[in-house]
Amino acid sequence: MAFVNPDSQDDGHGHRHGHVDHGHPHAGGAGAWAQARHALGELLGSHSHDPADSVDSALREAASGRRTLWISLGVLAVTATVQALVAAVSGSVALLGDCLHNFADAMTAVPLLVAFALALRPPTTRFTYGYGRAEDVAGLFVIAMITGSSVAAGWQALSRLADPRRVDHLTAVALAACLGFVGNEVVARYRIRTGRRIGSAALVADGLHARTDGFTSLAVLLGAGGAAVGWRWADPVVGLLITGAILGVLRGAVVTVGARLLDAVDPGLVRAATAAVGAVPGVAGVRELRIRWIGHTLRAEADVDVDPGLSVGEAHALAHRVERHLLGSLPRLSAATIHVSPIGTHR
């Protein structure tokens, strides 16, 4: 859709103000055909300017995120169940705490699954940019879960330090701790890799949360080793060290999700987009360029200088060229709004 002001006004300096605002949101319902094409989506890797292809890309990314969450949920559920059985037999409070951490981590997948489902809903007159921001809100829930894990781990370590307890079946406890670490690390790598590929800060934060629970499992393992040689203080001391590591991961998650909520983007991305816009023949300069994340897709707005002698139709065609070139230059860019201003005019 193009918005053209055909009325040009003189600015007193001999310049005509013919401004063109041009934008293609590339959004809407997927439709049955898009859903059918999505079944083969993972086999497609090319980028297209066709709005239907943009919808398919969003569907593929959302489906990839949901698949990652369901698989990681299953892995952590199995891990936590095995740990719960061993904790019941051995009486290990540390292992029970690790089991609860794993269950809590598995449950963080629920709000993210809801967020990915909401992201597929079309924009409305109330939510004109769609529901992509639901992922960032889910990221806040993940941060809350990491915070809860750090508090629980620290409290558990301090309690055990004040009141050391005997742990039975140390071999089984050690094996369950190893299972917890391996399960969490596998899930963490899977979530972080998928999150970075589709641009989901919330999914990356959820992967970092899984990693914190893996560290907690290592604390259980080291504590079991200390208990085996008679060092009852080993478990709580290591638990305190792991709590510090969890707080470090929490800080990283807060920075990641917080930056996304404040519309932060990689400065290199802005430089690349500016260079792409400036490389289009007919663009004399880039006055302003803004990029923001909406869920795991990008939107851009650019104000460019052009020859004041261009007609409205020529400026409109140039805006189209700039938009197409910019969409082709940034892989996760789903929409671009191009504002065309004659050289020498002021906003």
If you go through region 165-177, how many residues are loosely packed, with under 15 Cβ neighbours inside 10 Å and either outside any helix (DSSP H, G or I) or under 31 Å from the mean Cα position of the chain (by Cα) (or both)?
-> 3
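So that you can scan it fast, the table gives a plain yes or no per residue for (1) outside the structural domain of ALA202 (by TED's automatic domain parsing); (2) under 22 Å from the mean Cα position of the chain (by Cα); (3) surrounded by 19 or more Cβ atoms within 10 Å (Cβ to Cβ); (4) among the hydroxyl-bearing types (Ser, Thr, Tyr):
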{"site": "GLY230", "(1), (2), (3), (4)": "no, no, no, no"}
{"site": "ALA234", "(1), (2), (3), (4)": "no, no, yes, no"}
{"site": "ILE246", "(1), (2), (3), (4)": "no, yes, yes, no"}
{"site": "ALA276", "(1), (2), (3), (4)": "yes, no, yes, no"}
{"site": "PRO281", "(1), (2), (3), (4)": "yes, no, no, no"}
Selection count, region 297-325, where residues are modelled with pLDDT under 90 and small (Gly, Ala, Ser) = 0
Tally time: how many residues in region 243-252 are more than 8 Å from ALA157 (Cβ to Cβ) and touching a residue at least 40 places away in the same chain (Cβ under 8 Å)?
-> 5
Could you identify the single residue in ALA119, ALA138 that is farther than 19 Å from VAL86 by Cβ, touching a Phe, Trp or Tyr at 6+ places or on another chain (Cβ under 6 Å), touching a residue at least 40 places away in the same chain (Cβ under 8 Å) and not β-branched (Val, Ile, Thr)?
-> ALA119
If you take the residues in region 119-136 that are of a type in the set (A, V, I, L, M) and at pLDDT below 85, which one is farthest from the chain's Cα centre (by Cα)?
-> LEU120
Kindly indicate which of ALA138, ALA87 is more than 28 Å from VAL220 (Cβ to Cβ), of a type in the set (A, V, I, L, M) and touching a Leu at 6+ places or on another chain (Cβ under 6 Å).
-> ALA138
Test each condition in (1) buried (at least 22 other Cβ atoms within 10 Å of the Cβ); (2) within 11 Å of the chain's Cα centre (by Cα) for THR108 and report the one that comes out false.
-> (2)
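The values are calculated or read from the model by the stated rules, or taken from the named source; none is laboratory data. Just so we're clear, the structure is a prediction, and the values are computed from it rather than from any experiment. Methodologically, a virtual Cβ is constructed for each residue, glycine included, from the backbone with ideal geometry; neighbour enumeration extends over all protein chains shown.
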